[in-house]
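One structure below.
Each value in this text was obtained by applying a stated rule to the coordinates, not by laboratory testing. The structure presented is a predicted model; accordingly, all values stated were derived computationally and were not measured. Cβ placement follows ideal geometry from the backbone for every residue including glycine, while neighbour counts extend to all protein chains displayed.
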Amino acid sequence: MKQLVVLLGATGVGKTDLSIRLAQYLQCPIISSDSRQIYREMTVGTAVPTAEQLRSVQHYFIQSRSVFDDYTAGKFEIDATELIEKLFKTHKQLLMVGGSGLYIDAVCRGIDAIPATDKWLRQNIIERYKTEGIESLRFELKRLDAEIYNQIDIKNPQRVMRALEVCMTSGKPYSSLKQNFAKTRDFDILKIGIQLNRNELYNRINRRVDTMFEQGLLAEAKSLYAHRNINALKTVGYKEIFEYFDGKISLAEAIELIKRNTRHYAKRQISWFARYSDITWFQPNEIEKILEKL
């Protein structure tokens with residue numbers, strides 16, 4: 001039976017190094033399920049695998065799209081499942097690696113049939129957010145779909161605006177479009193989770209942020225500053241530097257915010273993966289135990 005091995009875990013936990021060893025052991029390519037490493041303009045700030053790592057193993061969905069492309073988890077499901085079907089013709093096992101829970105779910109469970117983004121409507125909602133504030137949008141979302149209002153993080157303007165956009169585009173409650181069952185795939189899925197104790201993970205994250213600045217994150221963000229309103233760039237590591245460029249905070253404050261927000265992101269990833277009982281967890285250095293599981 002064909003098998004997709006999914007290597008997952010929080011940002012900074014050590015997935016990339018381990019994935020190279022696993023891919024070489026399985027003699028298969030790596031399918032990335034990272035929603036930010038897919039963008040070619042975001043190299044330093046997304047910790048893309050090194051040139052040597054990319055040469056050692058064939059990677060897919062690494063810097064294959066532009067931040068100017070309108071790319072979603074729904075599109076990733078289509079592209080990734082088509083690629084997986086093709087690769088299974090020459091491989092019995094494949095390896096998918098990443099920490100983006102929604103992208104992993106898109107392949108393993110399928111994504112909800114959510115309507116495509118309406119750019120005009122989205123811009124209209126963004127303008128309302130700027131002039132009326134988030135409370136007005138929350139009130140309308142609660143009126144249109146109280147169920148989804150109680151499910152999403154209403155402190156996150158992006159989530160509120162997207163949910164409102166779906167309701168207004170489809171003419172239906174967002175919650176009515178969400179499926180409660182997983183799609184069936186014609187291959188087995190084995191989920192391998194990588195974890196560290198919280199203090200060690202946070203220390204690794206802090207060190208990695210320092211390394212990113214040494215590698216030129218500031219210059220990379222500067223080259224993207226003019227396009228800061230693009231959705232792909234509203235992400236940790238860039239939005240904080242953009243605030244520094246705006247003169248709102250100091251560089252030292254930006255660096256500390258990136259570390260803090262990355263730690264918070266890792267915590268959300270851990271919470272996302274904790275929902276599933278089909279993940280077998282290992283420490284990143286337990287390579288022999290992981291190989292026994294394959």
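Charged side chains reduced to their Cβ positions (Lys and Arg at +1, Asp and Glu at -1) give segment 119-177 a dipole of some 120 debye around its Cα centre. Between the alpha-carbon centres of segment 77-147 and segment 13-37 there is a gap of 23 Å.
Placing a pseudo-label 7 Å from each Cα along the Cα-to-Cβ vector at Q215 and R260 gives an inter-label distance of 2.5 nm.
Pairwise inverse Cα distances across the chain, averaged and inverted, put the Kirkwood hydrodynamic radius at 20.5 Å.
Could you pull out the pairs from K86/K267; K2/K234; K234/K289; K239/K293; K89/K172; K267/K293 whose alpha carbons sit more than 30 Å apart here? The pairs that break the limit, which is 30 Å between Cα atoms, are K86/K267; K2/K234; K234/K289; K239/K293; K89/K172. Separation of segment 240-271 from segment 275-290 is 29 Å, based on Cα centroids.
Under the shape rule built on the C-alpha gyration tensor, where the axes satisfy a ≥ b ≥ c, segment 4-153 is prolate, since a/c reaches at least 1.5 and a/b is greater than b/c.
Shape descriptor for segment 2-60: Rg over Rh equals 0.93 (Cα atoms; Rh from the Kirkwood inverse mean 1/r). Over the C-alpha trace of segment 119-177, radius of gyration and Dmax come out as 10.3, 30 angstrom.
Under 5 Å between amide hydrogens, built in the peptide plane, is the criterion, and for K191 it picks out V6, T280 among residues at least 5 positions away or on other chains.
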